[in-house]
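Below: one structure, written as structure tokens.
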Amino acid sequence: MILQDTTSTQFVICLNLGKCLVSVEVFRSERKSMVLTLDSQGGPELKIPNSCSLKEAHRFLEKNQGWLGERLRQKFSQSTRQNKYVDCGRVGFLGKLYKLRLVDSRKLIGISDDVLFLKRPSKECSAKIQRLVVNWYRNEMESYIPGRIKRINQYFGDSIVPRSVKYRKMKSSYGNCSSSGVITLNVMLMKAGFKNIDYVIAHELCHLRCWSHDFEFYSLLKSVMPDWKVRARNLEKDF
């Protein structure tokens, strides 16, 4: 390990992970324990108590370098699946990546082979292209999802149904269910495969019967979808 940029409260430790040298930012503060996380940009951070010595910080990183390496690999893999909102960029749809091409004719809108064709916006910028993709996701969701909701809801064996279903882009949630029985699904779920989308549908349908995430809720979810944990983990990779 290599120590860099030492100050009393913040410094960097360079950690060898296989063939890579990874910089870990270390922050001292009034806390009681050490915690290793990734920041919003995917960079590793180690937060330590003011009383923690450099030797203790080193030992903690060595003990957790396997976890850190795996998280960094996951983060890199996830970044390669993110949508790129430019002409000749890429867009995920139902678990597969497609090349995005912007065209001037509405007749070509849709998927052909491994390419998604969308109408070129009047101003070709990332925000407008993203809006095109989101609207296309919404249209596809309105076509594909109602039938899947109806089919999965039958697994519960009762007469409860959603009051209504809405589709919109959400910042951090896969979906939600209101106390009045309105289910909202994130249109960005269309990046994922159907099995993983079905997990979110089942999850929200469970909320029609069990409001809290308690034992009863997860028992019900397992009864209609025994492999929900696998699907939830896979959804994190697709989303």
query = Restricting to lysine pairs 8 or more places apart or on different chains, what number in the range 90-135 have Cα atoms under 18 Å apart?
reply = 5
request  = Give, rounded to the nearest 20 debye, the magnitude of the charge dipole that the range 90-135 has about its Cα centre when Lys and Arg contribute +1 at Cβ and Asp and Glu contribute -1 at Cβ.
outcome  = 160
query = Which angle between 0 and 90 degrees, to the nearest 10, do you get for helix 54-63 versus the longest principal axis of the chain when only C-alpha atoms count?
reply = 40
query = When DSSP beta bridges are limited to those with both residues in the range 148-226, what percentage is antiparallel, rounded to the nearest 5?
reply = 40
inquiry  = Explain nothing, just the number: dipole magnitude of the chain about its Cα centre with +1 on each Lys and Arg Cβ and -1 on each Asp and Glu Cβ, in debye rounded to the nearest 20.
reply    = 660
task = Show which aspartates and glutamates lie in cross-link reach of Lys169 when reach means a straight Cα distance below 19 angstrom and same-chain residues fewer than eight apart are skipped.
result = Glu140, Glu142, Asp198, Glu204, Glu236, Asp238
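Order of Thr184, Thr37 from fewest to most other C-beta atoms within 10 Å?
Going from sparsest to densest Cβ surroundings: Thr37, Thr184.
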note = Looking only at lysines whose Cα falls under 24 Å of Lys55's and that sit 8 or more positions away or on another chain, we get Lys19, Lys32, Lys47, Lys63
ask   = Say each of Asn16 and Ser178 gets a label point 7 Å from the Cα, pointing the same way as Cα to Cβ; how far apart are those two points in nm?
value = 5.8
query = Between rounded, prolate and oblate, where does the chain land on the alpha carbon gyration tensor, with a ≥ b ≥ c its root eigenvalues, rounded for a/c under 1.5, else prolate if a/b exceeds b/c?
reply = oblate
message = Cross-link candidates for Lys166: which lysines have Cα within less than 17 Å, leaving aside residues fewer than 8 places away along the same chain?
response = Lys150
note = As a percent rounded to 5, the proportion of antiparallel DSSP bridges among beta bridges in the chain is 60
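What value, in deg cm²/dmol to 500, does the helix sum -39500 (n - 2.57) over DSSP H runs of n ≥ 4 give at 222 nm once divided by the residues of the chain?
About -12000 deg cm²/dmol.
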message = Once R0 is set to 41 Å, what does the formula 1/(1 + (r/R0)^6) return for the Cβ-Cβ distance between Ser159 and Gln130, expressed as a FRET efficiency to the nearest 0.05?
response = 0.55
Exposure proxy order (Cβ contacts within 10 Å, fewest to most) of Leu205, Leu102 = Leu102, Leu205
remark   = With the dipole of the chain defined by +1 on each Lys or Arg Cβ and -1 on each Asp or Glu Cβ, the option from Leu36, Gly92, Gln10 whose Cα lies farthest towards the positive pole is Gly92
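Read the figures in this text as sums done on the coordinates, not as results from a lab. All values derive from a computational prediction rather than experimental measurement. Note that we place each Cβ from the backbone using ideal geometry, even for glycine, and neighbour counts take in every protein chain shown.
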